[in-house]
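Data first, discussion second: the structure below is written as structure tokens.
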Amino acid sequence: MRLRPVGEDSLLIDLDTPEEAQAWYTRILSRRDAGTLMPVRDIVPGDRTVLLYGVAVADAAAELQQWSVPPSAAGSGPLIEIPVHYDGADLRAVAGLWGVTEDEVARIHSGTEHRVAFCGFSPGFAYMLGLGERYHVPRRAAPRTSVPAGSVALAGPYTGVYPRASPGGWQLIGTTRMPLWDLEREPAALLTPGTRVRFVPQEASLESTSATTTGTATKGRKA
């Protein structure tokens, strides 16, 4: 863990892995909710960082240096289930990279509980951790000029769902009709940092457009 001042009133916590960043973000939120966190204006998770905006930098750094945050600090958050039809254009390629069948890709991916680490790239796009290192895949060598809205995709350690049609280089494994970004909803983004996500395999004709939820920032990355 490395602490880097950003301007006069912000502190960047720089970690080695996305999992560490998620654990630190969750621990910080927990302390804030319990009233035991130093005063802070905003908390912004990133790929391998957490930004504390609006803090007394020296005091915050001194406090954080005393913390020990194990991976188990990830805790639990609201759960959202997303219906998905595993019909993506890159499903066969991902199966080859994993050394399994296409049906096994669907089973493994839907059998994993994912967690939103941070959001970015475009409104409503969430970077979800959960798949073990054995299932990490590279981005496509040649990005697509347009990825359809609702595409469920993989890149590196992350799963993402494209909220709208846009260019993208992730490996497409499925599709959903779930609206990820809706300005009439509060919040507009269905998936926010800390949310737990399960993908539920559906036949295309049976796919629902509604989420099941038990409850209900950003550093951009390419998708």
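The values are calculated or read from the model by the stated rules, or taken from the named source; none is laboratory data. Worth saying up front: this structure is predicted, and the values here are computed from it rather than measured. Here the Cβ is made from the backbone with ideal geometry for all residues, glycine too, and neighbour counts use every protein chain on show. Side chains included, ligands, DNA and RNA excluded: accessible areas come from the protein's heavy atoms. Shrake-Rupley method; radii C 1.70, N 1.55, O 1.52, S 1.80 Å.
So, in the stretch 112-154, of the ones that are more than 26 Å from Leu29 (Cβ to Cβ) and open to solvent by less than 10 Å² (accessible area, probe 1.4 Å), which residue ends up farthest from the chain's Cα centre (by Cα)?
Checking each candidate, the answer is Val147.
Which pairs turn up if I take residues in the stretch 169-181 that are farther than 17 Å from Arg139 by Cβ and at pLDDT below 95 and look for partners that are in a strand (DSSP E or B) and open to solvent by less than 10 Å² (accessible area, probe 1.4 Å) with beta carbon separation below 6 Å, at least 6 apart in sequence or on another chain?
Met178/Ile82; Leu180/Val161
How about the stretch 97-145: which of its residues are farther than 20 Å from Glu19 by Cβ and of a type in the set (S, T, N, Q)?
Thr101, Ser110, Ser122, Thr145
Of these, Val152, Val100, Val94, Val116, which one is at pLDDT 95 or above and part of a strand (DSSP E or B)?
Val152
Could you say whether any residue in the stretch 176-183 is crowded, with 21+ Cβ neighbours inside 10 Å, among the hydroxyl-bearing types (Ser, Thr, Tyr) and under 13 Å from Ala126 (Cα atoms)?
Scanning the stretch 176-183, I find no residue that is crowded, with 21+ Cβ neighbours inside 10 Å, among the hydroxyl-bearing types (Ser, Thr, Tyr) and under 13 Å from Ala126 (Cα atoms), so the answer is no.
Take the residues in the stretch 78-111 that are under 22 Å from the mean Cα position of the chain (by Cα) and acidic (Asp, Glu); name whichever of them is surrounded by the fewest Cβ atoms within 10 Å (Cβ to Cβ).
The extreme case among them is Asp87.
Any residue in the stretch 2-17 that is more than 14 Å from Pro45 (Cα to Cα) and assigned to a loop (DSSP other than H, G, I, E, B) sitting within a Cβ distance under 9 Å of a residue that is of a type in the set (Lys, Arg) and open to solvent by 40 Å² or more (accessible area, probe 1.4 Å)? List the pairs, counting only those 6 or more apart or interchain.
Every condition considered, the pairs that remain are Asp9/Arg41.
How many of the residues making up the stretch 48-71 are open to solvent by less than 80 Å² (accessible area, probe 1.4 Å) and not in a loop (DSSP other than H, G, I, E, B)?
Of the residues in that region, 11 qualify.
Which one of the conditions (1) part of a loop (DSSP other than H, G, I, E, B); (2) aliphatic (A, V, I, L, M); (3) in contact with a Pro (Cβ under 7 Å, 6 or more places away or on another chain) does Ala106 fail to meet, given that it meets all the rest?
All conditions are met except number (1).
Condition test on Ala21, is it of a type outside the set (D, E, K, R), out of contact with any helix residue (DSSP H, G or I) (no Cβ under 7 Å at 6 or more places or on another chain) and more than 23 Å from Glu133 (Cα to Cα)?
No.
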